[in-house]
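Some notes on the structure that comes next.
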Amino acid sequence: MAAILKIWRATAGDVLLRVSLLLSLAVYSTYGGCTFPAGWTGSWFQSGAPGLIAVNTTHIQSKGECSEAESYDKFLLYDRSDDCYRCMVIHEKHESVLQYKETFCSSKASLSSLCDTINGDAALNSLFRKLPPPPPQPCPFRPPPFTFTYNRGYGECNSPPSRAESCTDDSRLLLRYMACPDVPGTESNVEELVCLATWKEGSTRYLVGQVAQVNRRNSIASDEDTYRCFVYKGQHSEKGMMYYIAQSGDATCNGLSSPTDGSRTMRLTNSDDEHHRCHFPSWIVEHHKWFSLDHSHQYHFTTKNATLKIMNEDGSSEEKRLVCHSILEQKDKKHIKLVAHVTRGCESGHVCLVFHRRGAHVLELAQGAGLWDAPEDACATAPLAPAVTLTTTSLQPTRCPIFGRYSIVSSLADRRRRRQQDSIGDNDGRSAASPECVAGVYDSVSVGCGAQQDSLEFKSHCASTVFTCYGSWSERGFGFLVAAPVARASSQPSKHCFMYTRHNDTREGGQILSLSAVARSCDRSIIPGVTGDKAYNLTINGTCEQSSKYNSYAPRPLAQAYTLLTSLLVAMATPLARR
């Protein structure tokens with residue numbers, strides 16, 4: 001107070017400061033200068049309390065306002081509604097867990113005298129943060145999967161063993177309880193544990209989490225039903241780690257003193273670790289990140305070469321984690337067939353995977369359509385889904401296939417334009433032969449004709465689009481090429497798969513090269529030259545070296561006329577030169 005009066009005298013002319021000091025004095029007199037840590041502000045759940053308990057820096061709902069504090073954990077609270085005081089001893093176990101003991105509300109006394117009346121047997125109350133929602137914490141039981149036994153007070157259920165499985169999120173664990181016919185009180189059930197907070201007191205470790213019944217997910221469960229407290233102890237075993245766990249019977253931490261004494265006890269043991277039986281080959285994992293052609297999915301291989309994570313680039317869906325289980329086929333560093341254990345959320349099983357190397361920076365991945373409990377069933381009968389084409393982030397240009405220059409005799413864009421013209425009528429007064437610059441309508445294509453033989457160029461009389469080739473292969477009479485446009489708008493796909501095939505032209509006795517492009521993947525259902533995002537039918541004009549004989553974008557009849565006209569002009573000019 002003396003310091004405040006000194007400031008008041010020194011700044012008597014400062015009205016704003018006077019007002020500020022008056023407000024400070026009012027707050028001091030109202031709350032006694034006592035505040036709770038700012039990190040406690042929020043809404044908390046307490047078992048048995050109606051609704052949530054709101055806490056701010058000066059008040060605890062239904063307990064009172066902070067009047068005096070001592071040693072950061074002892075607080076004297078004044079309850080205005082009953083005009084009484086209580087001592088609360090509050091310990092922050094975790095940013096999401098508070099535990100406290102308290103006295104009955106009584107007439108005013110000193111903080112120390114009231115707090116001294118709290119004995120060791122006083123009820124311990126737990127507050128679990130609800131708002132703002134606390135971030136889940138990694139579960140301390142590592143590494144899953146585990147087999148486990150459990151006991152609910154009627155004997156240990158160990159045959160058949162139960163199983164604890166990992167989820168893609170390390171803060172969740174799936175507990176699959178099995179029923180033991182000779183042990184009463186056991187039943188088959190699946191629970192999902194979300195770990196919220198862990199802390200240690202001496203040698204005892206605690207966990208607070210929420211437990212949800214997976215097979216009753218649509219039912220409404222209260223916080224009283226889901227919050228549980230655990231005491232656990234880990235120790236090394238021959239197979240890795242073993243955990244002894246005791247679980248509370250209600251939404252408190254009361255009655256938990258050791259990991260072998262609780263409403264339900266469990267013993268977790270590392271199961272046969274199928275996650276280290278095989279590794280993805282070096283020709284796959286030498287690039288840790290792969291992307292689908294449209295960049296909608298990312299495929300990330302871990303540095304240990306055993307785990308693949310598949311994630312949506314926009315984060316709209318939960319990631320999948322695939323761990324190599326067993327290799328079934330492997331050929332020439334270009335093909336591998338294997339079984340992987342897949343986890344999505346808390347759903348897991350085994351799946352068949354087939355990888356094909358299509359180039360140094362291009363892969364194709366086909367997955368089995370279903371999940372199987374037994375690994376030997378994954379590749380036995382399950383059909384494979386269509387392959388996904390993957391590329392790396394560090395693409396290197398390669399030589400293009402089907403070298404040469406081609407004239408476009410028909411295209412999907414032409415057919416669409418003619419249909420539009422037929423539907424609206426050609427009444428704009430323009431000649432049918434007048435040149436138009438229409439997006440996607442080209443006259444010619446040159447493949448591999450640049451200095452590096454790595455470009456694919458579509459040309460018309462007014463525009464051109466150039467692609468860079470990054471990998472190609474052939475399969476069952478069809479060719480495949482992965483290429484990307486050199487310049488593109490942000491809304492356009494980053495990469496395309498071109499599919500092509502050759503067949504005879506029965507009308508003119510030559511060959512037609514049918515070509516289609518899609519931006520998603522190398523889809524085998526596409527008919528080259530007919531379907532796809534782009535589709536063209538081409539005739540060969542000659543090799544890249546022969547291009548000087550005619551305009552590269554001219555159709556074949558026009559090119560022939562141009563050559564004939566050039567010959568006539570030369571013949572006419574020769575006699576004049578001799579004169």
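Odds and ends about this structure:
- Long-range HN-HN contacts of HIS295 with modeled amide H, under 5 Å: none
- For region 31-131, a Kirkwood hydrodynamic radius built from all Cα pairs, placed in the Stokes-Einstein relation at 20 °C and 1.002 mPa s, yields a translational diffusion coefficient of 157 µm²/s.
- For the listed peptides 513-526, 149-162, a ranking on the average number of other beta carbons within 10 Å per residue, highest first, reads 513-526, 149-162.
- Ellipsoid fit via the Cα gyration tensor, region 279-392: semi-axes of 19, 18, 13 Å, each the root of five times an eigenvalue, largest first.
- Calculated FRET efficiency for the pair VAL530/GLN330, C-beta based, R₀ 45 Å, to 0.05: 0.80
- Segment ASN189-GLU238, extension gain: residue separation times 0.36 nm, minus the distance between their alpha carbons: 14.8 nm
- A simple count of charges around SER296, restricted to other residues whose Cβ falls under 9 Å of its Cβ and scoring Lys, Arg +1 and Asp, Glu -1, yields -2.
- Between the beta carbons of GLU475 and ALA451, assuming R0 = 35 Å, the FRET efficiency works out to 0.75 to the nearest 0.05.
- Potential lengthening of the chain between HIS300 and CYS462 amounts to 54.1 nm, from the contour at 0.36 nm per residue minus the alpha-carbon distance.
- Sorting the segments 164-175, 377-388, 108-119 by their residues' average number of neighbouring beta-carbon atoms within 10 angstrom, most packed first, yields 164-175, 377-388, 108-119.
- Neighbour net charge for GLU364 - beta-carbon separation under 9 angstrom, K R +1, D E -1: +2
- Semi-axes of the equivalent ellipsoid for region 136-263, computed as √(5λ) from the eigenvalues of its C-alpha gyration tensor and ordered from largest down, come to 20, 19, 16 Å.
Just so you know, all these numbers are worked out from the coordinates, no wet-lab data involved. Since the structure is predicted, the reported quantities are computational estimates derived from the model, not experimental observations. Neighbour counts are summed over all protein chains in view; Cβ atoms, including those assigned to glycine, are modelled from backbone coordinates with ideal geometry.
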